[in-house]
Structure formats: structure tokens, C-alpha cells
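A short worksheet on the structure shown next.
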């Protein structure tokens, strides 16, 4: 008899034979005959010995984790999608509560409080971007872009989208996946628009390409390189003049300083939720939001679940429930607007706690702080021999540093030896000539942290 796996009791005995009999197969090999022989491994799989106990497994995992260098033990200036922001203790307290972690669909004992918390999240995002309709979060900023572009395509009936020529490669990769292969009926063609010397979108190139085949124009402010787009209202107007949707990607923490997308004419706003009280995680969903005007043509095209508030029979009492459920993949399965469901609904509670704790004044304060400290770091690095930053560009949180005589890998190796994670190596990316890194400075970086980085860079570049 085959010995059962220690954590899978039904892996031994006659369970395997019962399953084979149920599917009409003589042996396990019969399940794989459809896989061509040249696609199958011809040698034994080299696996370590099976761990015999939970104690051994725990020790093994601890040993593996100990090899990592973390942002808790090192000073980090990495951003580009996962940023080092402070997470107030209240956020961890809220998401760690038992009633949230056991909340399930369809349970009257849990639905009301969960739905109210989700409603608070959507209301707060709506207030930030000055739009009235917000869905539950999707997996990431990249996914939010992909879904919003597909929404725009369904709304307009068009199959092309304009995007900046310089964009986060990860977000771009996700968007390309959402736009699908050319062979697919729902393929959307991606067309890039040039970026000018000021780091902003080239208006002439945009106008030349914004014709009646364009479903949407997508741009970001601040951009991937941290540049604040000048006069975004003009870009939105160009989109509307072409009958296209104006989709704007924003860092929510910038909105305490910068004008909200809804105020300058965006028709769809997207962005990340990780800056709003969510820790940096490796490989997990960190959240992205989608917002639009509260109009049926937009509401009907959301892929996400949406939460509404309603009066009840009891005066002064309100109820909260899911709405437009059927159009999602939960309701229509493979005929849904787009795929629905992700691992970030719990993070929306952390986001709601963060936004409630911050309030409008808190957002204004953190926006000013991030801009001031990023600007201070950029100026100090630009003063070093062998490093340069374009100080003519207004930036928020991130900025590009060009290096004259050193490659970024060598610089970052030297910084790591000093307990510092340097900027993301963007050498060879679109819009970059020579060695360059994208540095991130947030409210967590003190003046002493910036001085430490500048001193270390000065030693490395000498």
C-alpha cells in the first residue's frame, strides 16, 4: 500500500484507484498520453528529500527566508509599483479582525458590515478623484488600466488605444495581455504617443493620432518617471474631441496637492491602492481602483462588483448591498464583461481605514511632504559629480538619475554593501539613454536618510 502523504490523508490506500476507476483510466500514465512525448520530461525530477514533519518544514522555510534582505533591515529607495509608505497601526488592526477574515458571501451575519466597509472605500476613492461611481478594487494598477481600456472599447465600439511611449514595463505588459492577441475578436491595438523633452506627452503627436478609431487615450500624472503632466485638462479635451474616453492614471497620495482627474475632464480614473495603508508584498495583489461618472454607460461596463447604499423601512437606517451583479463573471460566468474576483477585497478595508484616518488635511500634508523630500533628494543627487537629475521637471515621489561613468548594477551592489537599496535600474528602457535609475522618496524617508543616500552615492561615484 502506498504510504499517505503526511498532510494529505486521502493520498494513500485505494483512493487513487477509486479516482482512476471513476474516470475510466487504467493507471495514472493513461491521463497523460495526450501530451506529446517530446514535451515530457525524460529524466527523474530532482527534488530534495521529503520533509517528515511540520517542525522540519518550518525550520526549512525560516532558513530560506533568512537569505532575504528586507526593507525593514535596509534603507530602500525602490519604488516603481510597490512604494515604501507608512502603514498606520489602525490599518493592520482593522484587516486583522476576525469578522472580516471570516466574512463570506450570502451570510446575513457578515454581509452588512462588509458591504458598508466596501461602500466607505468606494466613497472615499470617489471623493479623492472627484468621480461618483467606483467599483471594488481589482488586482493591481496594471489590471485597472487593462479593464478600463476594455471598458472604453465596449463603450465606443472602437479597437485602438493611445498610451505614452514611456510607461512602467510591468503595467504595459499587463495592458498588452488585456488587449489580447491580434487573432482574437476582442483585440485592441495599442498605439504609443511620443514623450517630449519635458517628460510630458507631445501634444502635436497626440492630436495627429487621436482620430475616430481611438477608443481611449491613457496617460499618467505623475508619470512612471514621476513627472507631473502639465495641463492634463488639455489631454482630456483632445480625447473627448475625438469621441474617445480620457483615462487618467494617478497616484492617490498626489491628490492632496494635484487637481483631481474628475475636475479636469477625465472620464475614467485608475490607480494603485497600495499607497493607501497596504504593506509592500512580493507577488501578491496590492490593488488597483477604477472610477468614472455615475452614468449608466459606464456603470454597465464595469467588470467589478459594485456596492450601493439604500434607505430601509426604518427611518434613519441604511442598508448596503451589491448591485449590477449579473454583468460580472459571477453572474454571467464566461459571458461577463471581464474576469471578476481577486485577492484584494480585504485590502480595501485597510484603504478605507487609511483614508478615514488621514482625511483631506492629512492628504494635503503627506502630498507636500513627499514632494518636498523627493525634490530635496533630487537636488542633492544632482549636485554630485557623475550623477544628474533634470530639475526642470516637476516631480512627485520618483525621479530619474542619470549616471555618467558607472553602470547602475555596480552602483546598486555598492549601495547594498552599505545597507541601502538604490533605485530601480531603468537602463535601456524606453526614453532612457545611458545608465539611469529610478529613485523613490516618500514620507518615510527622513532628511538623515536622504543625507545617508547622498553620502553613499558620493563614495560610490568617486
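Nothing in this text is a laboratory measurement; each read-out follows from the coordinates by a stated rule. As the structure is a prediction and not an experimental result, all values here were calculated from the model. Methodologically, a virtual Cβ is constructed for each residue, glycine included, from the backbone with ideal geometry; neighbour enumeration extends over all protein chains shown.
A few remarks follow.
- Projected label distance in nm at residue 54 and residue 432, using a 7 Å step from Cα toward the beta-carbon: 4.5
- Take the Kirkwood radius over Cα pairs of segment 89-354, plug it into Stokes-Einstein at 10 °C and 1.306 mPa s, and you get 84 µm²/s for translational diffusion.
- Where labels lie 7 Å past Cα in the beta-carbon direction, separation of residue 176 and residue 323 in nm: 3.9
- Stretching residue 294 away from residue 186 to a fully extended chain increases their span by 36.3 nm, per 0.36 nm per residue minus the current alpha-carbon distance.
- For the pair residue 383 and residue 99, the difference between a 0.36 nm per residue extended length and the Cα-Cα distance amounts to 96.9 nm.
- Among (i) 21.1; (ii) 28.5; (iii) 22.5, the entry derived from the coordinates for mean projected area of the Cα convex hull in nm²: (ii)
- Computed FRET value (nearest 0.05) for residue 198 with residue 282, which takes r as the C-beta separation and R₀ as 25 Å: 0.10
- Calculated FRET efficiency for the pair residue 211/residue 14, C-beta based, R₀ 56 Å, to 0.05: 0.25
- Stokes-Einstein translational diffusion, segment 203-296 - Kirkwood Rh over all Cα pairs, 0.890 mPa s, 25 °C, in µm²/s: 172
- Set the Cα radius of gyration of segment 339-462 against 2.2 N^0.38 Å, with N its number of residues, and you get 1.25.
- Helix-only [θ]222 nm of the chain, DSSP H runs n ≥ 4, -39500 (n - 2.57) each, per residue, nearest 500: -11500 deg cm²/dmol
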